[in-house]
Amino acid sequence: MAGRIILLRHGQTHNNVKHLLDTRPPGAELTDLGRKQALEVGHELATYSGERLAHVYSSIVLRAQQTAVLATSTFEKARDLHAGAIPLDVVQGIQEINVGDFEMRGDEEAHMNYSRALNGWLHGDPTAGLPGGETYQDVLNRYQPTLDRIMDSHDLDDDRDVAVVSHGAVIRIVATHATGVDPNFAFNTYLGNCRFVVLEPNGKKFGQWDVVRWTDSPLPWQE
């Protein structure tokens, strides 16, 4: 088996419950349910990744860090490892796509514009975005180098996994452009809290990677 990058969305936050567009650090904390989700996904990863998991990385945003700490701790306990056995680092560049002037809005207009922008980001529209926010290329320009540095630190050709705790929209954007998966599939397949997408670089260029799991949904060619 090839090495894998597990892109994991954070647990539920208080602003998720309020349906607010919360993209800037530090962001809201996890709810009690979000903490429970993080603990549960740690157990899930103990089975899914097991001895392959070499490292956990988190975005700089509070909800991602909280998720990473809880999931890693549960993973270690489930695998009968000592605390700190799985390294955990916070890294720049993998935070959520910035929605600019629509930050902390939760009204219908904001969500309609966000949905339209997300569709454009996934389809590679260079003009897609929200006023004062990022384009999909802005995201790739900061996210891809971080993934490159992570891969340089691990031999992913040697059946190792790394988990990257990040954010819903940006995971879908990066995974779509890393693999060439159908952007309509990516748009229509929601990534829930503490669900994950799994990529296999397989020594290929970014854009030619393989996607082996997209949350709990069958991949388009598996249906």
Within the under-14-Å Cβ sphere about residue 37, not counting residue 37, Lys/Arg +1 and Asp/Glu -1 give a net charge of 0
If unit charges are put on Cβ atoms (+1 for Lys and Arg, -1 for Asp and Glu) and the dipole of the chain is taken about its Cα centre, the option from 31, 21, 8 lying farthest towards the positive end turns out to be 31
Within-12-Å neighbourhood charge of residue 149 [Cβ basis; K, R +1; D, E -1]: -2
Farthest towards the positive end of the dipole of region 4-222, among 141, 123, 72 and with Cβ unit charges of +1 on Lys and Arg and -1 on Asp and Glu, lies the Cα of 72
Could you give the Stokes-Einstein D for the chain in µm² per second, using the C-alpha Kirkwood radius, 25 °C, 0.890 mPa s? 141
Just add up the charged neighbours of residue 75: K/R +1, D/E -1, any other residue whose Cβ is under 13 Å from the Cβ of residue 75. -3
Residue exposure sequence - 51, 134 - by fewest surrounding Cβ within 10 Å: 51, 134
Dipole size in debye (nearest 20) for region 4-222 around its Cα centre, Lys and Arg Cβ +1, Asp and Glu Cβ -1? 160
Percent relative contact order of the chain, based on C-alpha pairs within less than 8 angstrom and at least six residues apart? 30
So if R0 is 25 Å, what FRET efficiency would residue 123 and residue 204 give, r being the distance between their Cβ atoms, rounded to the nearest 0.05? 0.70
Check the straight Cα-Cα distances from residue 36 and name the lysines below 19 Å, setting aside those fewer than 8 residues away within the same chain. 18, 77
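Only the coordinates and a few stated rules stand behind these numbers; no lab work does. Everything numeric in this text was worked out from a predicted model, so none of it was measured. Virtual Cβ from ideal backbone geometry, glycine too; neighbours counted across all protein chains shown.
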